[in-house]
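Notes for the one structure printed next.
Each reported figure results from applying straightforward, stated rules to the coordinates on display, with no laboratory input. Please read these numbers as outputs of a predicted model, since none were measured by experiment. Reconstructed Cβ throughout: ideal geometry from the backbone, glycine too, with neighbour counts over all protein chains shown.
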Amino acid sequence: MHTVVSSATKEVTIGHDVPFVIIGERINPTGRKLFQEKLRAGDMSTVEIDVHDQIAGGADMLDVNMGVPLADEPELLAKAVKLVQSLTDVPLCIDSSVIEALQAGLEAYEGKALVNSMTGEDERMDLILPLVKEHNAAILALPNDETEIPMLAKDRMVIVEKIVRRVEKEGIPLENLLIDPLAMPVGADPENVKQTLETIYLVKEKYGLNMSIGASNVTFGLPNRHALNAAFMPQAMAMGLQSAIMDSRTAEVVQSVRAADLLLGLDPWGGNWITKFRASQA
């Protein structure tokens with residue numbers, strides 16, 4: 001099963017038999033006070049810097065989030081989408097918890113976007129799925145609902161089943177559905193990564209669905225996070241993960257992903273690996 005997203009001129013395919021897709025996470029003002037202040041003042045210069053840095057680091061797509069307190073998020077997101085698309089041809093992941101902002105972002109977007117994100121709550125699915133269908137977008141869904149964020153893989157799979165059935169009922173092709181297997185901090189519970197890896201394996205085996213994850217959540221609160229993320233990513237890929245929203249400026253983690261592509265047979269004869277190595281030497 002392939003999930004295809006696109007800009008006006010470029011397609012990216014997410015699937016079990018193609019190289020891992022890195023979605024650059026940096027265009028997000030969460031926890032960035034100066035960035036928030038600039039956005040409220042109408043200054044989008046930091047967005048331009050983040051676009052350049054994420055693409056230079058190896059991002060295949062870019063996540064765009066404009067969740068700024070005390071700002072008009074729909075207007076900001078539409079403006080950011082247009083700006084980013086004027087700077088790069090990679091497809092975008094339009095990221096907001098505000099329905100009006102998602103709608104504004106999708107209306108401004110040229111191509112087939114990935115929407116980040118939806119949960120298994122009935123109310124959220126009622127609002128988001130018609131919008132996704134209208135714009136022929138792909139949707140990233142998290143297996144939690146109004147009752148809990150399940151810690152066990154078996155409980156997450158119950159909500160995955162609910163999401164799958166609802167997406168089918170809406171007439172949305174399952175190739176347009178990506179599951180986020182939920183990366184919970186290993187510093188909070190030593191079993192968290194095991195449950196995430198099990199969820200990835202079960203989603204692949206039962207449904208064959210494509211997946212993307214917020215990779216940095218795994219190491220939240222721990223020192224030397226790059227080394228831990230670089231160890232986690234190949235494990236997740238071996239279980240069946242095909243994409244992650246991550247900081248593509250971190251060469252250590254990007255290299256671990258591209259090395260895993262080669263070792264898992266997703267980079268035949270090491271073509272991409274050798275090309276990138278030669279470019280770095282030059």
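Data for the structure
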read-out	value
Which listed residue, of Asp72, Asp53, Asp89, Asp126, is within 18 Å of Ile245 (Cβ to Cβ) and acidic (Asp, Glu)	Asp53
Count - residues of the stretch 56-112 that are basic (Lys, Arg) and surrounded by fewer than 18 Cβ atoms within 10 Å (Cβ to Cβ)	1
Hits in the stretch 229-257 (condition: touching an Asp or Glu at 6+ places or on another chain (Cβ under 7 Å) and not β-branched (Val, Ile, Thr))	Ala230, Met246, Asp247, Arg249
Total residues in the stretch 199-224, condition surrounded by fewer than 18 Cβ atoms within 10 Å (Cβ to Cβ), over 22 Å from Cys93 (Cβ atoms) and either in contact (Cβ under 8 Å) with a residue 12 or more places away in the chain or not polar (S, T, N, Q) (or both)	6
Residue, farthest from Asp89 (Cα to Cα), within the stretch 100-117, restricted to residues that are part of a helix (DSSP H, G or I) and charged (D, E, K, R)	Glu100
Tabulated pairs, the stretch 235-250, first crowded, with 20+ Cβ neighbours inside 10 Å, second part of a loop (DSSP other than H, G, I, E, B) and of a type in the set (D, E, K, R), C-beta under 9 angstrom, 6+ apart or interchain	Ser243/Asp60; Ile245/Asp180; Ser248/Asp60
All positions within the stretch 42-91 that are polar (S, T, N, Q) and within 19 Å of the chain's Cα centre (by Cα)	Gln54, Asn65, Gln85, Thr88
Matching residues, the stretch 159-190, being more than 17 Å from Arg124 (Cα to Cα) and without any contact (Cβ under 8 Å) to a residue 12 or more places away in the chain	Pro173, Pro190
Extreme residue, surrounded by the fewest Cβ atoms within 10 Å (Cβ to Cβ), among residues of the stretch 149-187 that are of a type in the set (Asp, Glu) and closer than 23 Å to Gly15 by Cα	Glu168
Pair list, Cβ under 7 Å, 6 or more apart: the stretch 66-88 residue among the basic types (Lys, Arg), other residue not in a loop (DSSP other than H, G, I, E, B)	Lys82/Ala108
Filtered residues of the stretch 148-207 (kept if outside any helix (DSSP H, G or I), over 18 Å from the mean Cα position of the chain (by Cα), small (Gly, Ala, Ser) and within 28 Å of Pro223 (Cα to Cα))	Gly187, Ala188
Yes/no for Leu129 being loosely packed, with under 15 Cβ neighbours inside 10 Å, within 20 Å of Asp180 (Cα to Cα), touching a residue at least 40 places away in the same chain (Cβ under 8 Å) and in contact with a helix residue (DSSP H, G or I) (Cβ under 9 Å, 6 or more places away or on another chain)	no
Selected residue [free of Cβ contacts under 8 Å to residues at least 60 places away in the same chain and either within 24 Å of Tyr201 (Cβ to Cβ) or surrounded by 13 or more Cβ atoms within 10 Å (Cβ to Cβ) (or both)] from Leu266, Leu262	Leu262
